[in-house]
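Since the structure comes first, as structure tokens, the remarks are kept for the end.
What follows draws every value from the coordinates through simple rules; no lab data is involved. Only a predicted model underlies this, so the values are computations on that prediction, with no experimental measurement involved. Glycine also receives a Cβ, built like all others from the backbone with ideal geometry; neighbour counts cover every protein chain displayed.
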Amino acid sequence: MKLLGRKRKKDQQAKSSFMELLGLGIILMVWVMLTSGSDPIMKPVALPSPWRVLQAFPKLLYENNLIQNVGFSIGINLSGYLEAILITIPIGFIIGLIKYTRWGFQRQIDALRYVPLTALTICLSSGLELGRI
């Protein structure tokens with residue numbers, strides 16, 4: 001019975017790996033189809049071809065300090081998470097532990113509880129005008 005269970009697990013792993021590779025292949029095929037030809041569906045400014053992305057990588061790496069910029073971007077994200085934690089945890093404790101504040105903010109919390117995070121992110125980006133080019 002143990003041998004049969006191991007075989008099933010290996011079969012599942014092989015099937016899972018195949019499906020992952022198939023999904024990656026489909027994404028790459030769609031990308032090539034959208035960006036190939038003399039008049040591509042997606043303009044190169046909006047979505048460059050996979051080949052142009054690969055060609056641009058060395059230039060980004062050596063001339064534009066890709067590693068430094070990636071580190072800076074990760075630092076900004078981590079500092080944003082840390083700031084959010086430092087602000088929201090005390091507010092959550094105050095609302096959760098003090099019954100009068102809980103009563104005062106219950107309706108607002110209930111109204112925002114089921115709003116998708118992506119909608120809030122878009123609203124925040126729009127409010128801060130982060131999408132401006």
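Applying D = kT/(6 pi eta Rh) to the stretch 17-129, where Rh is the Kirkwood radius over alpha-carbon pairs, T corresponds to 25 °C and eta to 0.890 mPa s, the Stokes-Einstein value obtained is 128 µm²/s. Length gained on full extension, M29 to N69: 11.5 nm, using 0.36 nm per residue less the C-alpha separation.
Between M19 and T118, the modelled labels are 2.1 nm apart [label points 7 Å from Cα along Cα→Cβ].
Within the chain, helices built from complete DSSP H runs that reach 15 Å or longer along their own axis (Cα positions) and carry a mean Kyte-Doolittle hydropathy of -0.5 or higher are 2-35, 50-62, 66-97, 117-128.
Taking the Cα centre of the stretch 8-63 as origin, sum charge times position over the Cβ atoms of Lys and Arg (+1) and Asp and Glu (-1), and report the length of that vector in debye to the nearest 20.
300
If r is the Cβ-Cβ distance from L47 to R107 and R0 is 41 Å, what FRET efficiency results, to the nearest 0.05? With a Förster radius of 41 Å, E is 0.40. Among Q106, S125, M19, flag the residue with its Cα farthest along the positive direction of the charge dipole of the chain, charges on Cβ as +1 for Lys/Arg and -1 for Asp/Glu. Of Q106, S125, M19, it is M19.
Hey, what number do you get for the chain at 222 nm if only DSSP H runs of n ≥ 4 count, each worth -39500 (n - 2.57), divided across all residues, to the nearest 500?
After summing the helix terms and dividing by the residues of the chain, the value is -27500 deg cm²/dmol.
Close Lys pairs in the chain, defined as Cα atoms under 27 Å apart and 8 or more places apart or on different chains, number 4.
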